[in-house]
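Asks: This structure is in structure tokens; I'll ask about it shortly.
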Amino acid sequence: MKNKKLIDYISKVAIFSALSFILYLFPKFPLPFFPSFLEIQFSNLPAILGGFVLGPLGGCLIVVVRFVLKLVFGLSSTAGVGETADLLLGICVVLSSSLIYKYNKNKRGGILALICSVIVWVISSVFVNYYINVPFFVKAYCGGDINGLVVICKPVIKGINSENFLEYYTKFAVIPFNLLLSVIVGIITFFVYKRISNIFKKDFFAAGKKRILVICDSFKGTLSSKEVGEIVVNNVNKNKYIAEYLPISDGGEGFLDALLMWNKNLKEYYVMSCDAFRRVNSSKYLFDKETKTLYFELAECVGIKDLSKEELNPYLASTYGLGIAIKEAIIKHHPSKIIVGIGGSASNDGGVGMLEAMGVKFCDKEGNVIYGMCNGKLKDIYAIGTESFNKLIGNIEFEVLTDVSNPLLGEKGATYVFSPQKGAKKEDLPILEANMCKYNEIVKNHFNNDFNIVPGTGAAGGVGFAFVAFMNAKLSLGIDVLLKSYHFDELVEKYDIVLTGEGRLDEQSLNGKVISGIMSYNPKQLEFVVGSCAIEDVVYTVHAIVPTVATLDDAINKPKESLTKLIKKDFN
């Protein structure tokens, strides 16, 4: 597979290089208002396009191959000096523009990259002419006398002479000529890139086969997003399909893995933390040094995925471990922004555990600090101290990724909607809710603001509330943020089928979840792969494990085998 990808890459470099070489030969013509040896030719057009499609390395390789071809075919009349100057200019232009586009793959990024290409092109042309071309031509063709070039330039550059040659030639020939040429190339690139990229982003080995993009959420409690993707990729009929997977998350389990696969600037770190019951563990976070942004996944620190059903206890479960991880990372990296995916929580503590770890002091009626914060201790809070906490977070910008819009309190709040999944019995709900109401009242009085009404504050057992109230965090749909970072609108055009899904397809899947996010991009052919389907009238093709190839018990106890069986059956 790796060899095929390498050959595919080399093939595309070769095609762009050939186009660049051909455009060096034809069309090629001078303009009447510039010296005759300055000729319009568009050889950098395929190089810039190739840099956008294949990345900076691919673009530079195209320029190098073009340089070699010119020497091999004996097209140099300057002993390779002019070609070397052209090589340097081409690499500067392609490298700068493709680097910008690599990290800003959208219309705005493309325009910015092309503007940069114009600026770099003009500056590079001044440099290579001043230090390479002019000195060489004077020495090789004019016997060391610059008047030879003055004679050629005089008809189109008024007032030029041997004393002001470099100044006048640069001002009235090099700069305007290369500005004109680079702008023309930039405009052409802008209008043809989309069509060209759609052709070259396809795998040349995929002719006649349908391309499948697998971008599934985790099958909660059984398979991660990555595991689902790998099973599909490894078990489709290779003669009919070429499948690739992209880990995805709505901010819950798998959020960091999804980011790592796509963003090469991220570095992985581990910190000693604790789980939802304060047992020591090691949790992962990511840091982007360029943007000074930290990324956390609540499920990685204090998630429900690591707990057995018997362990669940909404009175005692806490987010303390997440707070430890955030605090240690802030001290180590001094970030300007922190992004946290908060799905997959095991607690219903309103985020007080996290806040305690980060320095917030919760005090009882007597003014004593309460330790071991959890839902069961919310009723004891009478005052809040944030001095140490405020020093820790400073001016850091916080963004929280979630997949729900529930408030903190009420029938649609954190307790009544989500705590039953975390071990709460029916008789526990009024008690847990009363504790949360007391906490909300204290926070409301402390900040003189009712944050309960903010949509999403009920996410992750009220962790969303803590971020909004104490850190002025922005709440965003996790799936939207990730898909935008993937440039999904461009990515999806490469594939014939987009296969998405999750453990159970129901009405909630269509609101803020992975599936609804992907549906909003209107892929050419969208299909679902799910554990089970609870929606009767689905307009899309649904591949369901239950009851197609397994019982519910088998799907839960043997998830890998069950999904493998389904894929082999439906994609044979």
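Asks: How do the pairs read when you match residues in the range 240-254 that are at pLDDT below 85 with residues anywhere that are basic (K, R), using Cβ under 7 Å and keeping only pairs 6 or more apart or on different chains?
Replies: P247/K226; D250/K513; E253/K305; G254/K226
Asks: Please return the ranges of helices (runs of 4 or more DSSP H) entirely within the range 254-363 where 1 or more residues are over 30 Å from N440 (Cβ atoms) and in contact with a Cys (Cβ under 6 Å, 6 or more places away or on another chain).
Replies: none
Asks: As an exercise: evaluate I515 against (1) assigned to a helix (DSSP H, G or I); (2) in contact with a Pro (Cβ under 6 Å, 6 or more places away or on another chain) and give the number of the one condition it does not meet.
Replies: Exception for I515: condition (2).
Asks: Are any residues in the range 227-253 assigned to a loop (DSSP other than H, G, I, E, B) and of a type outside the set (A, V, I, L, M, F, W, C), and if so, which ones?
Replies: N237, K238, N239, K240, P247, S249, D250, G251, G252, E253
Asks: Could you check L213 against (1) under 22 Å from Y521 (Cβ atoms); (2) assigned to a loop (DSSP other than H, G, I, E, B) and say which number it fails?
Replies: For L213, the exception is condition (2).
Asks: Just wondering, is there one or more residues in the range 100-108 that are surrounded by fewer than 19 Cβ atoms within 10 Å (Cβ to Cβ), within 42 Å of the chain's Cα centre (by Cα) and polar (S, T, N, Q)?
Replies: Yes, some residue in the range 100-108 is surrounded by fewer than 19 Cβ atoms within 10 Å (Cβ to Cβ), within 42 Å of the chain's Cα centre (by Cα) and polar (S, T, N, Q).
Asks: Among the candidates S11, S36, single out the residue that is surrounded by fewer than 16 Cβ atoms within 10 Å (Cβ to Cβ), in contact (Cβ under 8 Å) with a residue 40 or more places away in the chain, in the same structural domain as L149 (by TED's automatic domain parsing) and more than 23 Å from S77 (Cα to Cα). Break it down stepwise before answering.
Replies: Numbers: S36 fails: more than 23 Å from S77 (Cα to Cα).
That would be S11, the only listed residue that is surrounded by fewer than 16 Cβ atoms within 10 Å (Cβ to Cβ), in contact (Cβ under 8 Å) with a residue 40 or more places away in the chain, in the same structural domain as L149 (by TED's automatic domain parsing) and more than 23 Å from S77 (Cα to Cα).
Asks: Further question: In the range 45-144, which helices (runs of 4 or more DSSP H) lie fully inside it and hold 2 or more residues that are among the hydroxyl-bearing types (S, T, Y)?
Replies: Output list reads 81-102, 107-128.
Asks: Check K264 against each of (1) within 19 Å of the chain's Cα centre (by Cα); (2) at pLDDT below 90; (3) closer than 30 Å to Y320 by Cβ and name the one condition it does not meet.
Replies: Result: K264 fails condition (3) only.
Asks: Would the range 200-208 turn up any residue that is of a type in the set (A, V, I, L, M) and more than 30 Å from D306 (Cβ to Cβ)?
Replies: yes
Asks: Check off (1) basic (K, R); (2) surrounded by fewer than 16 Cβ atoms within 10 Å (Cβ to Cβ); (3) assigned by TED's automatic domain parsing to the domain that holds S476 for K238 and give me the number that stays unchecked.
Replies: Single failed check for K238: (3).
Asks: Take F42 and tell me if it is modelled with pLDDT under 95 and of a type in the set (A, V, I, L, M, F, W, C).
Replies: Spelling it out, it is not the case that F42 is modelled with pLDDT under 95 and of a type in the set (A, V, I, L, M, F, W, C).
Asks: Next up: Pick out the one residue from I331, I324 that is hydrophobic (A, V, I, L, M, F, W, C), under 27 Å from the mean Cα position of the chain (by Cα), surrounded by fewer than 16 Cβ atoms within 10 Å (Cβ to Cβ) and assigned by TED's automatic domain parsing to the domain that holds F277.
Replies: I331
Asks: Then there is this: Does L491 meet the test of being farther than 24 Å from K422 by Cα, part of a helix (DSSP H, G or I), at pLDDT below 85 and hydrophobic (A, V, I, L, M, F, W, C)?
Replies: Yes, satisfied.
Asks: Sticking with this structure for a sec: Among the residues of the range 295-321 satisfying the criterion of being small (G, A, S) and closer than 20 Å to V417 by Cα, which is surrounded by the fewest Cβ atoms within 10 Å (Cβ to Cβ)?
Replies: The qualifying residue surrounded by the fewest Cβ atoms within 10 Å (Cβ to Cβ) is G303.
Asks: Inspect all residues belonging to the range 302-315 and state whether any of them is over 15 Å from G343 (Cα atoms), free of Cβ contacts under 8 Å to residues at least 60 places away in the same chain and in contact with a strand residue (DSSP E or B) (Cβ under 6 Å, 6 or more places away or on another chain).
Replies: no
The values are calculated or read from the model by the stated rules, or taken from the named source; none is laboratory data. Computed from a prediction, not measured in an experiment: that's the story for all the values here. Note that we place each Cβ from the backbone using ideal geometry, even for glycine, and neighbour counts take in every protein chain shown.
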